[in-house]
Amino acid sequence: MKRRADSATVLFDVTYVDGTLTSRRKVLKSIADGEGGDAASKAAIEAQDREIASASGRNRGEIRSIVRSST
């Protein structure tokens, strides 16, 4: 049985260099609140983008910034 804290997530709004925005991207709370903080969260989102790109054949582009979602 998994503990609830193991699957808790933090939401981020992501802005890409080309100006596109994706909202409410999920990152595990253990990563977001861990030692790496937002840098580790950005790396996790980049890994998600690579997985999506390999499945869809379309790259997302470079991330300009990430901000924790307010909602």
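Quick notes
- Electrostatic bookkeeping for ARG60 treats Lys and Arg as +1 and Asp and Glu as -1; over the other residues with beta carbon under 13 Å from its beta carbon, the sum is 0.
- Choice from ALA55, ALA39, ALA47 showing the highest fluctuation, given a GNM over the chain with Cα pairs closer than 10 Å: ALA55
- Stretch in the chain that is longest and holds no trypsin sites (Lys or Arg not before Pro) that DSSP places in a loop and that have at most 10 other beta carbons within 10 Å: 4-57
- With contacts taken as Cα pairs under 8 Å at a separation of at least 6 residues, the chain carries a relative contact order of 39 percent.
- Residues in the chain average 72 Å² of solvent-accessible surface per residue, probe 1.4 Å, ligands and nucleic acids excluded.
- Helix 37-56 axis versus longest C-alpha principal axis of the chain: approximately 60°, rounded to the nearest ten.
- Over the chain, the ratio between the Cα radius of gyration and 2.2 N^0.38 Å evaluates to 1.14.
- Computed from point charges on the beta carbon alone (+1 for Lys and Arg, -1 for Asp and Glu), the dipole magnitude for the chain about its Cα centre is near 320 Debye.
- Solvent-accessible area, 1.4 Å probe, carbon plus sulfur percent, for the stretch 22-69: 49
- Counted by Cβ distance under 11 Å from LEU11, the other residues give a net charge of +4, where Lys and Arg count +1 and Asp and Glu count -1.
- Neighbour net charge for ALA40 - beta-carbon separation under 11 angstrom, K R +1, D E -1: -3
The values are calculated or read from the model by the stated rules, or taken from the named source; none is laboratory data. Note that the coordinates shown come from a computational prediction; the quantities given were computed from them, not determined experimentally. Please note: Cβ atoms are built from the backbone with ideal geometry, for glycine as well, and neighbour counts cover all protein chains shown. Just the protein is used for accessible areas: all its heavy atoms, side chains included, with ligands, DNA and RNA removed. Shrake-Rupley method; radii C 1.70, N 1.55, O 1.52, S 1.80 Å.
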